[in-house]
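Q: Below is a structure I'd like to ask you about.
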Amino acid sequence: MGEHLKPPLAQIPPSVAAVADYEPLARERMSAPAWAWLQGGAADEITLRENRAAFERLRLAPRVLAELAGGHTRLTLLGQALDHPLLVAPMASHGLAHPDGELATVLAAAAMRTPVVVSTQAGTPLETLAQAAGDAAPPVPLWFQLYLQPDRGFTRALVQRAEAAGYRALVLTVDAPVSGARNTEQRAGFVPPPGLGAVNLQGARPLPPHTARPGQPPLFGSPLLDAAPTWRDIAWLREQTVLPIVLKGVLAPADAVRAADEGLAGVIVSNHGGRVLDTVPATLDALPAIAQAVQGRLPLLLDGGVRRGTDVFKALALGASAVLVGRPVLHGLAAAGAPGVAHVLHLLRTELEMAMALCGCRTLADIDASRLWRG
Ligand code: FNR
């Protein structure tokens, strides 16, 4: 057990009724700096709060006496049959939340039939996780989140490893070519504990670090921006892989349209959980204009602030096909290990089904803007 962690709970307390109840339990078990890393957002955390506020502002329009028999939450996404529209968002270093790290997350998610997007920066080899997910019956798809590396040869090898291990999609994160002003982490004195490094990047040429600390050179003109990916790299990446590529970190309709033009398989409307550029809008507020612009040419996913089944419902009502869940998964993991993660996913799914039933939706296809209250 690393000194940054207290042991997880042996049992989930019966008082845990909602995803948010895991938050204080996780906080008690993590060091203050690790908690700041997990929970914090960029700068003044305006976007972090706005992600939640956008969900809280919307009201649902319930419908009564609808036919609900035979209802379900199944969907097909990128040609993959899924039980429900929830995925685990890619997050670095699950080992900061639990000694079993990503392995516990993947096992729990597989038990809940939930795909996991494994981070490039995971602390567990991508092959180990693929093996664990593949052992589930029937297997649950894993997707691999890619940060393009300055060395194309290394990126190609990483993509080939993910393909060979059986990952079913690439999620290319494009909203963090430079890190944001991570003031919360900085103030808490967070430094990644040794031994929790990004094992899948071993041997990669490290990206030159850049923070807003005194004495740092300007960002423009630095090797970091010279190496930042562009649309040209998207065309290159498409040639390297047979896997569908999903672009993560889009807020502008024009970028989503370009993703469709470039032949990408999907877009994740995301602001990185409010962790990169502060004062950008909530993802839920960005979604309708993107849905309008892409006209169904590719599926839209959304993440940022999903904490309730009603949030999942609202995202789907505004045009998302599925949502990804970030921090709550690590809260469940830190608090109670794999059972905590499974419970978080179970709660969200159950609450989604409640919202569907009470809004008269038998299937996900029934969820549309008519189920949102326009007062
Ligand atoms: C992230 N996120 C992230 N995204 C990504 O593409 N690669 C990564 O390695 C990480 N790492 C990471 C670590 C931690 C601790 C957090 C909280 C987030 C962003 C993540 O995929 C997702 O966009 C947000 O977390 C979604 O918002 P919520 O659900 O956390 O509010």
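The values are calculated or read from the model by the stated rules, or taken from the named source; none is laboratory data. As the structure is a prediction and not an experimental result, all values here were calculated from the model. When we count neighbours, we look across all protein chains shown, and the Cβ atoms used for this are built from the backbone with ideal geometry, even at glycine. Side chains included, ligands, DNA and RNA excluded: accessible areas come from the protein's heavy atoms. Shrake-Rupley method; radii C 1.70, N 1.55, O 1.52, S 1.80 Å.
Q: Ordering 174, 242, 267 by how much accessible area each has at a 1.4 Å probe, largest first, what is the list?
A: 242, 174, 267
Q: Can you tell me which of 349, 156, 182 moves the most in a GNM of the chain? Springs connect C-alpha atoms under 10 Å apart.
A: Of 349, 156, 182, the Gaussian network model singles out 156 as fluctuating most.
Q: Right, another one. Could you please put 21, 175 in sequence from largest to smallest accessible area, using a 1.4 Å probe?
A: So the residues, ranked largest to smallest area, are 21, 175.
Q: Something else now. State, to one decimal in nm, how far the label point of residue 154 lies from the label point of residue 27, with both points 7 Å from Cα in the Cβ direction.
A: 3.7
Q: Further question on the same structure: By how many nm would the segment from residue 357 to residue 238 grow when fully extended, if each residue of separation counts as 0.36 nm and the alpha-carbon distance is taken off?
A: My answer for the length gained is 38.8 nm.
Q: What does the charge dipole of region 246-375 about its Cα centre add up to, to the nearest 20 debye, if the Cβ of each Lys and Arg holds +1 and the Cβ of each Asp and Glu holds -1?
A: Result for region 246-375 is approximately 200 debye, rounded to the nearest 20.
Q: For the charge dipole of the chain, defined by +1 on Lys and Arg C-beta atoms and -1 on Asp and Glu C-beta atoms about the Cα centroid, which residue among 253, 86, 165 has the Cα displaced farthest towards the positive pole?
A: About the Cα centre, the residue reaching furthest to the positive side is 253.
Q: On to the next question. Taking the Cβ-Cβ separation of residue 81 and residue 258 as r and a Förster radius of 41 Å, what is the calculated FRET efficiency to the nearest 0.05?
A: Efficiency at R0 = 41 Å is approximately 0.90.
Q: Keeping all protein chains in the complex and leaving out DNA, RNA and ligands, what accessible area do you get for residue 84 with a 1.4 Å probe, in Å² to the nearest 10?
A: Looks like 0 Å² after rounding.
Q: Can you find, among 108, 131, 272, the residue sitting farthest towards the positive end of the charge dipole of the chain, where Lys and Arg contribute +1 and Asp and Glu -1 at Cβ?
A: About the Cα centre, the residue reaching furthest to the positive side is 272.
Q: Could you give the dipole magnitude of region 68-220 about its Cα centre, charging the beta-carbon of Lys and Arg +1 and that of Asp and Glu -1, in debye to the nearest 20?
A: 340
Q: Suppose R0 equals 41 Å; then what is the FRET efficiency for residue 57 and residue 187 from their Cβ-Cβ distance, rounded to the nearest 0.05?
A: For R0 = 41 Å, the calculated efficiency reads 0.90.
Q: Also, I was wondering about something else. Rounded to the nearest 5, what % of the DSSP beta bridges within region 143-278 are antiparallel ones?
A: Antiparallel bridges make up about 0 percent of those DSSP assigns within region 143-278.
Q: Could you give the size of the charge dipole of the chain about its Cα centre, using +1 on the Cβ of each K and R and -1 on the Cβ of each D and E, expressed in debye and rounded to the nearest 20?
A: My answer is approximately 300 debye.
Q: Between rounded, prolate and oblate, where does region 64-214 land on the alpha carbon gyration tensor, with a ≥ b ≥ c its root eigenvalues, rounded for a/c under 1.5, else prolate if a/b exceeds b/c?
A: Prolate shape, in that a/c is at least 1.5 and a/b is the bigger ratio.
Q: Roughly how many Å² of residue 49 are accessible to a 1.4 Å probe, to the nearest 10?
A: Around 140 Å² of this residue is reachable by solvent.
Q: Kindly report, to the nearest 10 Å², the accessible surface of residue 231 as traced by a 1.4 Å probe over protein heavy atoms only.
A: 70
Q: Separate question: Between residue 137 and residue 20, what is the label-to-label distance in nm when each label sits 7 Å out along the Cα-to-Cβ direction?
A: Computed distance between label sites residue 137 and residue 20 equals 4.1 nm.
Q: Is any helix in the chain, taking whole DSSP H runs, at least 18 angstrom long along its axis by alpha carbon and on average at least -0.5 on the Kyte-Doolittle scale, and which ones?
A: Helices meeting the span and hydropathy rule in the chain are 152-165, 327-358.
Q: At 1.4 Å probe size, put 268, 46 in order of accessible surface, largest to smallest.
A: I get 46, 268, largest accessible area first.
Q: Over the chain, with the other protein chains present, what is the accessible area per residue in square angstrom, probe 1.4 angstrom?
A: I get 43 Å² per residue for this part.
Q: Can I ask one more? From the square roots a ≥ b ≥ c of the eigenvalues of the alpha-carbon gyration tensor of region 1-146, which class results: rounded (a/c under 1.5), prolate (a/b over b/c), or oblate?
A: Judged from the Cα gyration tensor, region 1-146 comes out oblate (a/c at least 1.5, b/c at or above a/b).
Q: Answer rounded, prolate or oblate for region 9-73, using the Cα gyration tensor with square roots of eigenvalues a ≥ b ≥ c: rounded when a/c is under 1.5, else prolate when a/b is larger than b/c, else oblate.
A: oblate
Q: Here's another thing I want to ask about it. Got a sec? Which residues in region 291-328 would a label at residue 49 touch, if it sits 7 Å along Cα→Cβ and we count backbone N under 17 Å?
A: Once the point is set 7 Å along Cα→Cβ of residue 49, 305 turn out to lie under 17 Å by backbone N, inside region 291-328.
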